[in-house]
Structure formats: C-alpha cells, structure tokens
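The structure under discussion appears below in the form of structure tokens.
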Amino acid sequence: MTIWNTMADTNKRKERTGGDGQDGRGTKRSKGGSGGKWQTPHQRAKEASRGSGKIEPGDAGIWATCARNQEGKATEELIAMLEECAERFYGIVSGPGEQDDEQDESIGDIERSIQKEIASMDKKHQHTKLIAPVRLDLQCVLFFKIQPSIDPVDFVYRICKEIVSTPGIRRMRYINRLTPMTLMGKATEKGLEEIGKTVLGQHFNLRVDPEQVVEDEGNRGRIIESQSIPAQSYAIRPTTRNHNTLKRDSVIKQVADLISDAHKVDLTTPEKVIIVEIYQTVCGMSVVGSDWEALKRFNLAELYTSQPPSKVTGTSNGAKPQSVTADEAVAAPSVGTRNVEL
C-alpha cells in the first residue's frame, strides 16, 4: 500500500512540473530579457537605446539627477526635452520616436516588426540619433550620451538660461541637476591626464613638460608655456561615485598641475570652474563659466523654485502648469557618492 501511494505522489509531481523537473510556471525569465521570445534587430536596438550600453572613453554627455524612484519617467522626460531643445537651438532633429515601436512589440506581430524595421532604415538618412541613455546601477543618477555635433556645456547652459528667461513655465517634473561632460575617459591617472589636456587646453594655457626647454643660451632651462589665452582664475570641483582608486587630493593636484601658473586658483569667485565627475571606471571633465553658481550649478529644480514672481500671476512661483511638489523634487542621496566643494 505504501509503495502504490509513493508512486501516485511521484506521478502527481511530474504532472505539476510537466514531467521534466520544471514547475508549471515555465522557463524562468532573466531580468531585462525578452522572456525567450525572438526579437528583430530593430527591437533589440530599441531595447538597447532605453538604457543599455556603457560609457566609453571619448564619449560626451550629460549626467542628471532625478527624483527618488523615478528614473524611468525622468529618462523619458529628459530625452523629450533634450530632443526638442536640440531642434530649436541647433536645428538638429533626433531619430524617429518609439511610440509606434511599443505598439508593434505589444502586438507581437513579427512580420509587422520587420516591416517597421525596413521603414526605419529608409528614414535613417533623414534623422540623427541625438540621445543615448546609459543604464547605471545608481539610484537617482542618469547618464545620457550626446552626439559630437553638440557641445554639452553650451547645451545645458542654454537650457538653464531659458528657464531663467521664462518664469512661470516648468517643463521638468522629475529631473533635478544636469552636469555636462565635454569628454569621458578612463578613471586612471593616465586617463585623467589625457582628458585634462584635451578639455583644459580649450580654456587655459597648459603647463609644458619640464623636458621641453628653450635651447638658446640666454633662456636655457626656462620652461616654455603658451600665453595665447588670457589669465583666468579657476576652481576645481570633483565628484566621485562608486570609485575608490583616484583620491580627492590627487585628482585636484593632477588637474591643477596641468594648468599654467599664469592662471590662479580662486575658490570664492573663480572665472572658470573645472568639473570632474568620476564613476566606477570612467571619468569626465568640463569647464563652465563664472555664472555656474548664479545658475544654481545647473540644478533645474532650484532654478524653477528660485524664479522671481510671475508678472502674469503675481505669485512667488508661477511655474504651475508642469509644476512638481516639494517632495517629488528631492532626490535620495546616492550611496557611495562624495560631492566635493572646493
């Protein structure tokens, strides 16, 4: 009797598991995967554009912080605004939207997806991919690659100036701060030096290697330094996230050592601010003007709330149509992040 009961129980377990040791729930889906469904190249490319890939040396882009647990909505919001501003500021039209693609994927019609892919390929010559979000393992922090034809610093600067010049209009609900990156490189001493020479050379006279000296008798031993750029004061503002190799003091010293002594450090009212952002294995750098502080360090949420009373409504904060509540504008502090104020 016991043997027959045991066999019956075994058969029941096989029926529940489909007879192959798998439970009735079917094949386990990996996170972010397609659930085992076949995908067209167009669908794979679309999925990658939502936040796949990684930050590579040579990239330019924009760091963004957003409201707590709103990374997905913040990504969609910022991409829409950046694409619209790029068209108005520079006349650059981004690639086709993804609304129709969402419908194709939900329907699951492979033939229609292929037709959509062919149609999009025909339109490639008419559009340029402007924004490419990169998926990060950070709460409240986003990164967007920007195509080389747009200067990230000028782009963010224009956005902030437009916010100041149009009080009463608020377009960003989830985005807080934007930090432009002129150039990204490896988060090593050599990588920092390479991007430093490229980025800083556009704004400062660089210190020349001591081995490069004037050979004539009267100036023997004097280091040659280019004096083509007027002397300007500067400050260095480094930020690190999930990185422990390059230390704060060494970053500041290495960046400062690249700049000629003709430019002096001014931590109070610098004419130029050097922004250094380090994340895991990559680092980026940009140089912004003295109005960086006046523009709330490119913090859009603060720019909106600090605007003067609206001439139309007479209220202290006329940004009502797309306004954000106080708790929505607060981003959670990033774990493993150190913001250095110099």
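The values are calculated or read from the model by the stated rules, or taken from the named source; none is laboratory data. Computed from a prediction, not measured in an experiment: that's the story for all the values here. Here the Cβ is made from the backbone with ideal geometry for all residues, glycine too, and neighbour counts use every protein chain on show.
Here are the numbers for this structure:
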{"item": "Test: residue in region 73-86 that is small (Gly, Ala, Ser) and at pLDDT below 65", "result": "no"}
{"item": "Odd one out for residue 154, checked against (1) of a type in the set (D, E, K, R); (2) in contact (Cβ under 8 Å) with a residue 60 or more places away in the chain; (3) within 17 Å of residue 64 (Cβ to Cβ)", "result": "(2)"}
{"item": "Residues that are in a helix (DSSP H, G or I), surrounded by fewer than 18 Cβ atoms within 10 Å (Cβ to Cβ) and modelled with pLDDT of 95 or more, drawn from region 122-161", "result": "154, 158, 161"}
{"item": "Some residue of region 167-179 being modelled with pLDDT of 90 or more, under 13 Å from residue 59 (Cα atoms) and crowded, with 19+ Cβ neighbours inside 10 Å", "result": "no"}
{"item": "Residue match in region 207-227 (condition: part of a loop (DSSP other than H, G, I, E, B) and modelled with pLDDT of 90 or more)", "result": "yes"}
{"item": "Residues (free of Cβ contacts under 8 Å to residues at least 12 places away in the same chain and either under 20 Å from residue 230 (Cα atoms) or assigned to a strand (DSSP E or B) (or both)) located in region 244-274", "result": "268"}
{"item": "Sole residue being surrounded by 13 or more Cβ atoms within 10 Å (Cβ to Cβ), of a type outside the set (Phe, Trp, Tyr) and modelled with pLDDT under 95, chosen from 119, 67", "result": "67"}
{"item": "Tally of residues being assigned to a loop (DSSP other than H, G, I, E, B), closer than 21 Å to residue 170 by Cβ and either modelled with pLDDT of 90 or more or touching a Ser or Thr at 6+ places or on another chain (Cβ under 8 Å) (or both) across region 275-318", "result": "5"}
{"item": "Enumeration of residues in region 159-188 that are within 25 Å of residue 229 (Cβ to Cβ) and not hydrophobic (A, V, I, L, M, F, W, C)", "result": "161, 179, 180, 182, 185"}
{"item": "Every residue from region 228-267 that is at pLDDT below 95, hydroxyl-bearing (Ser, Thr, Tyr) and over 29 Å from residue 140 (Cβ atoms)", "result": "228"}
